[in-house]
Amino acid sequence: MLEEHRLESGMNVWVSRPDTDEPRPAVMWLHERYGIVQHPKDMAERLAEVGYVGVSPDLFHRYDGDIDAVARGEARVEIRDDEVIDDFDEVIRFLRSQDYVRGDSIGIIGVCQTGRQPILYAAHRNDVTAVVALYGGVDNANWQPTPEQPVPMSELIAATECPVLGQFGEADHIISIESLQAWRDAFERANKSYRIRVYPGAPHGWFNDTMPGRYRPEQTAAAWKDMLAFFEEAFGAGWDASRVTWDFASDISVDYDYSKNVRLE
């Protein structure tokens, strides 16, 4: 069952608990550019179904504009790195105050616009066990500093100590294979472990089953399996911090042409 909590800052957080009396790891599923619509709530419940405390926080809670326009994709909310760190601090404090959460086992999954945020937080805090970037955090905007995002992705990667999984699609119109290679190279230059997967034929947003034009059930099933295996390994102390592992697996056409990738609805 999905529970809504309002934290001290005014941020709403949706939490779904697994059917067990034992404390369980918590995994945050961050929303896309559309804010807290149905999909991130669904994913919190889906995480609970596989044994994790599923959490979806509203990172747009400071926005005082037309949130319905945001949900329709007609307006965009820019979020600041410092505000994201404050928000995650608050969510994790809340989670650790709950007796059903295993406070030393917390993961974050960033999606699309929020793909940067898990790595941002892992670079500034030691409070997360593992992070995932799902078709986000890699496009050109993440490599150059801005007032909202003052630290470029290369520096965030260099400061990250926890395991990182990146999951992307061959047909993404925002993230090119060249961008993924640059992301991979940043991990290797910093001597950091990574696991990157590129799924064949998947457009941007392919995990979101509320958007039929983008949703790809076969690729989603494969990515979900990879994601759960990654968290099981990280939460179960299966990730050897004394070793650096570089794992890049890409399945793309010999005729791959990023310029032919298009936005789907």
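Kindly evaluate Asp247 against the criterion of being under 30 Å from Gln38 (Cα atoms), in contact with a strand residue (DSSP E or B) (Cβ under 8 Å, 6 or more places away or on another chain) and not basic (Lys, Arg). Can you show your working first?
Working: under 30 Å from Gln38 (Cα atoms): no; in contact with a strand residue (DSSP E or B) (Cβ under 8 Å, 6 or more places away or on another chain): yes; not basic (Lys, Arg): yes.
So Asp247 fails the test.
Could you list all residues from segment 248-264 that are closer than 27 Å to Glu188 by Cβ and basic (Lys, Arg)?
none
May I ask you to list the residues in segment 38-61 that are over 17 Å from Phe207 (Cα atoms) and within 16 Å of the chain's Cα centre (by Cα)?
Passing the criteria: Tyr52, Val53, Val55, Pro57, Asp58, Leu59, Phe60.
If you check Ala44, Ala48, which single one turns out to be buried (at least 22 other Cβ atoms within 10 Å of the Cβ), free of Cβ contacts under 8 Å to residues at least 40 places away in the same chain and of a type outside the set (Asp, Glu)?
Details: Ala44 fails: free of Cβ contacts under 8 Å to residues at least 40 places away in the same chain.
Of the residues listed, the single one that is buried (at least 22 other Cβ atoms within 10 Å of the Cβ), free of Cβ contacts under 8 Å to residues at least 40 places away in the same chain and of a type outside the set (Asp, Glu) is Ala48.
With respect to Ile85, determine if the residue is surrounded by 14 or more Cβ atoms within 10 Å (Cβ to Cβ) and over 16 Å from the mean Cα position of the chain (by Cα).
Numbers: surrounded by 14 or more Cβ atoms within 10 Å (Cβ to Cβ): yes; over 16 Å from the mean Cα position of the chain (by Cα): no.
So Ile85 fails the test.
When Arg189 is evaluated against the numbered criteria (1) modelled with pLDDT under 95; (2) loosely packed, with under 14 Cβ neighbours inside 10 Å; (3) in contact with a helix residue (DSSP H, G or I) (Cβ under 9 Å, 6 or more places away or on another chain), which criterion, by number, is the only one it fails?
(1)
Within segment 51-93, how many residues turn out to be without any contact (Cβ under 8 Å) to a residue 40 or more places away in the chain, among the hydroxyl-bearing types (Ser, Thr, Tyr) and within 18 Å of Asp104 (Cα to Cα)?
So the count comes out to 0.
Just for segment 138-155: of the residues that are free of Cβ contacts under 8 Å to residues at least 40 places away in the same chain and under 15 Å from the mean Cα position of the chain (by Cα), which one is nearest to Trp239 (Cα to Cα)?
By that ranking, first place goes to Met153.
Between a first residue in segment 201-219 that is farther than 8 Å from Leu264 by Cβ and a second residue that is part of a helix (DSSP H, G or I) and β-branched (Val, Ile, Thr), which pairs have beta carbons less than 9 Å apart while being 6 or more apart in sequence or on different chains?
From residues that are farther than 8 Å from Leu264 by Cβ, the pairs are Ala202/Thr220; Trp206/Thr220; Phe207/Thr220; Asn208/Thr220; Asp209/Thr220.
The values are calculated or read from the model by the stated rules, or taken from the named source; none is laboratory data. Just so it is clear, the model here is predicted, and its values are computed rather than measured. Every residue, glycine among them, receives a Cβ derived from its backbone with ideal geometry; neighbour counts consider all protein chains shown.
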